[in-house]
1. Between VAL38 and ARG75, what length in nm is gained on full extension when 0.36 nm per residue of separation is reduced by their alpha carbon distance?
2. Just to confirm, what accessible area per residue do you get for segment 153-250 at 1.4 Å probe, in whole Å²?
3. Give the lysines reachable from LYS109 as a straight Cα distance under 30 Å; neighbours fewer than 8 places away on the same chain don't count.
4. Students often check this: by mean Cβ neighbours within 10 Å, which of 2-14, 186-198 ranks highest, and how do the rest follow?
5. Using the Cβ atoms and a cut-off under 14 Å, what net charge is assigned to the surroundings of ALA62, where Lys and Arg are +1 and Asp and Glu are -1?
6. What does the charge count near PRO218 come to, summing +1 for each Lys or Arg and -1 for each Asp or Glu among other residues with Cβ under 14 Å from its Cβ?
7. Which of the following values of Cα Rg over 2.2 N^0.38 Å was calculated from the structure shown: (1) 2.51; (2) 1.40; (3) 0.91?
8. Quantify, in whole percent, the carbon and sulfur part of the accessible surface of segment 132-247 (1.4 Å probe; protein heavy atoms only).
Amino acid sequence: MPLPVQEATLTPPSLDEIAGSFRRSLSANFKHVDVSVVDCPDLTLPPWSMSAPGLGGMATVADVGGVPNLIPRPRVEKEYDIADVAMLCGIPAAAVIGPSAVASEKVGKNAELVNNCQVGASNGSWYTRVTNDGGYLCERYPHTSFGLLGNLYLSEGKPGTPVIRVTARVRTGHRNFVSTMNKGLAEDFPGVVAMGGVFVVREGSTKCHVMPGFSCTPLTSDQDVEQWLRFYEMRAPLTHTSVFLNRDPGLDLRLEHSHCFSSHGDGGHYHFDTTPDTIWYEGFFAPAERIVRIDAPAETHQIGRD
């Protein structure tokens with residue numbers, strides 16, 4: 001059966017306007033901030049390690065499935081493929097980045113996934129799972145399928161197109177890096193602004209969660225979800241793919257979602273930095289021209305969307 005699809009066309013502010021919003025909001029939360037519009041560097045190079053060199057061309061945010069496929073009970077039959085998502089978005093050879101859950105039947109358990117694919121060309125995805133001893137491990141994910149939910153940024157991956165470069169160091173406020181930028185967008189623009197991109201924690205540590213095995217009992221509150229998740233402190237350098245929107249145009253969207261990976265075994269779902277005096281973020285972001293909502297759950301709720 002074809003997946004249901006809804007679409008919203010966006011008219012994003014200019015890059016300079018978005019950069020100004022980021023500069024204002026971040027300066028209220030970090031001591032050292034630099035925001036500028038630049039030509040995108042080659043994001044295939046470390047520490048970014050993306051599958052495509054840029055973020056340009058038919059920029060699209062896709063929200064696939066959703067948290068109600070995980071909570072209160074997992075619907076493990078909800079499995080999707082990056083190539084199918086790209087086709088539904090009208091970008092068959094898309095560069096696709098962003099957080100999701102793994103396809104649990106591929107790896108034998110539930111886990112956090114960083115999608116990082118150029119459809120038909122390359123796969124640089126990573127996933128982080130809870131290990132049998134209660135620890136965690138981040139390793140390569142050789143599949144293009146994912147499960148339950150995904151928040152993805154698709155583009156043609158064109159190199160050198162204009163993007164917004166952001167650096168922020170030494171946190172002085174109480175919001176995390178992504179929430180600070182997103183709050184600024186909500187305050188500064190009445191219309192929907194959807195962003196995607198990649199950022200690196202160059203110095204410092206962060207609090208992340210990693211989903212363990214599926215819960216045997218229904219998760220019916222945010223407290224249930226907090227008790228089920230496993231939280232860890234992750235060490236820099238950490239590379240994140242991130243999707244965030246300042247508001248929902250009525251499509252039941254998740255407004256912020258970021259997952260990270262590393263070559264030293266750390267990774268997961270980003271929450272916050274734990275070293276405000278030494279934290280150092282750097283990222284590149286671009287606005288989407290449209291939102292594509294794929295297979296929205298018929299029954300929804302707001303539990304577990306942090």
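1. Details: separation 37, 0.36 × 37 = 13.32 nm, distance 4.22 nm.
Extra length available between VAL38 and ARG75 comes to 9.1 nm.
2. Details: 3780 Å² over 98 residues.
On a per-residue basis, 39 Å².
3. Within reach: LYS78, LYS207.
4. Numbers: 2-14: 13.2, 186-198: 19.9.
By packing density, highest mean first, the sequence is 186-198, 2-14.
5. Working: positive: ARG254, ARG290, ARG293; negative: GLU7, ASP63, ASP81, ASP84, ASP252, GLU289, ASP295.
Spelling it out: positives minus negatives among the neighbours equals -4.
6. Details: positive: ARG73, ARG75; negative: ASP222, ASP224, GLU299.
The answer is -1.
7. Recomputing Cα Rg over 2.2 N^0.38 Å here gives the entry labelled (3).
8. Details: 2210 of 4530 Å².
Here it works out to 49 percent.
The values are calculated or read from the model by the stated rules, or taken from the named source; none is laboratory data. Only a predicted model underlies this, so the values are computations on that prediction, with no experimental measurement involved. Virtual Cβ from ideal backbone geometry, glycine too; neighbours counted across all protein chains shown. In case anyone asks, the SASA skips ligands and DNA or RNA and just uses the protein heavy atoms, side chains included. Shrake-Rupley method; radii C 1.70, N 1.55, O 1.52, S 1.80 Å.
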